[in-house]
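The values are calculated or read from the model by the stated rules, or taken from the named source; none is laboratory data. Keep in mind that this is a model prediction, so the values were computed, not measured. FYI the Cβ positions are ideal-geometry reconstructions off the backbone, even for glycines, and counts take in every protein chain you see. The protein model used for the area step is the full one, side chains on, heavy atoms only, and it has no ligands, DNA or RNA in it. Shrake-Rupley method; radii C 1.70, N 1.55, O 1.52, S 1.80 Å.
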Amino acid sequence: MRHFRDPIGLAPGLIVNKRYSILNCVGYGSFSTVYKAADTCKDNCEVILKLARTPVCDTKYEAEVDALKKCSGVPYFPTIFENFKLKTVTCIVESDAGESLDDILTRSEKFSNENCLRIGYSLMKGLAHLHNCKVLHMDLNDGNVTLKRNGDGKISVFLIDLGNSSPSRPWKVVNLESRFTSLAVIHGKCYQEVDDLTSGTYLISIMSGMNALDPLNTQKGSRQGKTIFHSNPGKLFSSKMSWIPKIVEFCEKRDTDELDMTPVWNIFKTAVENVHPTSDITYSINENKVFID
Ligand SMILES: Nc1ncnc2c1ncn2[C@@H]1O[C@H](COP(=O)(O)OP(=O)(O)OP(=O)(O)O)[C@@H](O)[C@H]1O
């Protein structure tokens with residue numbers, strides 16, 4: 001169970017670190033409060049400030065800063081501009097990663113097979129980058145994947161919230177059981193790279209309209225739902241979505257010395273005829289909000 005700290009309340013117009021003028025709060029999680037701010041040293045361009053209380057949240061702050069620095073310049077992560085500690089709070093200044101998947105799914109309910117493929121591919125590419133840097137995300141969920149419409153009209157996918165990330169070796173035995181934690185970890189297996197990928201496949205299946213956490217809509221909660229999901233994922237998806245269970249199957253291989261993602265990239269490339277996984281995500285706009293097809 002997650003303990004949510006009281007959000008850090010800052011009034012619009014307040015200047016942080018003599019530079020960032022607070023605009024509005026965009027969200028908060030179990031350890032941080034996140035604001036949009038204008039960077040007064042850079043033509044008031046908009047940035048994100050992720051604030052957390054020091055020293056209680058320092059471990060998460062440091063893990064997030066370390067991981068974000070390893071992702072600098074990689075398209076699937078917000079860019080970290082700077083980070084600093086003040087008397088009572090820590091602050092990470094980063095780029096805007098847009099809107100979380102859970103919010104977008106409340107409007108669109110499910111995405112087309114093609115868009116699941118494109119978003120799923122970005123997700124897996126982001127995770128593969130982290131893993132190549134020997135970092136595990138460990139907290140991939142529908143609030144920590146975001147989509148953003150860029151100035152050129154294209155949609156980008158981001159992985160955010162790296163505060164729970166950890167070095168991948170030695171693999172960790174952790175006592176995790178959130179909605180998106182892989183069934184293997186719930187059953188006591190050490191947390192490995194594949195467990196990040198499994199959380200990714202749960203997300204892909206939710207985007208596709210099939211809920212991996214309760215696949216037959218039995219309302220039995222995620223542990224039983226995941227057991228059903230893993231017992232025969234192929235049966236739960238239509239033939240045009242058969243690429244999803246193939247990835248689930250790949251994730252079931254554990255204890256490999258070095259995870260080779262080549263089979264995963266091949267699954268994505270051949271999944272949907274005439275659709276390359278890097279092609280543009282399709283959407284419409286209604287009342288200034290993005291609706292993913
Ligand atoms: N770079 C960003 N761009 C846009 N919104 C963001 C960004 N980072 C965080 N947010 C928003 O703020 C919310 C809280 O951020 P985040 O999940 O990183 O907080 P946290 O305290 O680390 O959460 P957790 O409880 O999962 O550890 C997110 O759900 C998202 O809505």
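Quick notes on this one:
- Here the accessible area is traced with a 1.4 Å probe on the protein chains. For the chain, carbon and sulfur cover 49 percent of it.
- Put Trp265, Trp171 in order of accessible area, highest first, and with a 1.4 Å probe you get Trp171, Trp265.
- Once you reduce region 255-283 and region 24-88 to the center of their Cα atoms, the two points are 31 Å from each other.
- Given charges at Cβ of Lys, Arg, Asp, Glu: region 150-293 dipole, positive-most of Ser182, Ala271, Leu159: Ser182
- In this label model, Asn232 and Ser156 are separated by 4.3 nm, measuring between points 7 Å along each Cα→Cβ vector.
- Computed over region 15-94, relative contact order equals 24 percent, with contacts defined as Cα pairs under 8 Å that lie 6+ residues apart.
- Rel. contact order, % - alpha carbon contacts under 8 angstrom, at least six apart, region 99-292: 24 percent
- If you look at the Cα atoms of region 1-110, you get an Rg and a Dmax of 14.3, 44 Å.
- Ellipticity estimate at 222 nm from DSSP helix runs (n ≥ 4, -39,500 (n - 2.57)) divided over the chain, nearest 500: -9500 deg cm²/dmol
- Screening the chain for whole DSSP H helices with an alpha carbon extent of at least 15 angstrom along the helix axis and a mean Kyte-Doolittle hydropathy of at least 1.0 yields nothing.
- Relative intensity, log₁₀ I(q)/I(0), of the chain from a Debye sum that treats every alpha carbon as a point, q = 0.08 Å⁻¹: -0.35
- Modelled FRET efficiency - R0 45 Å, Asn217 with Asn44, Cβ distances, 0.05 increments: 0.40
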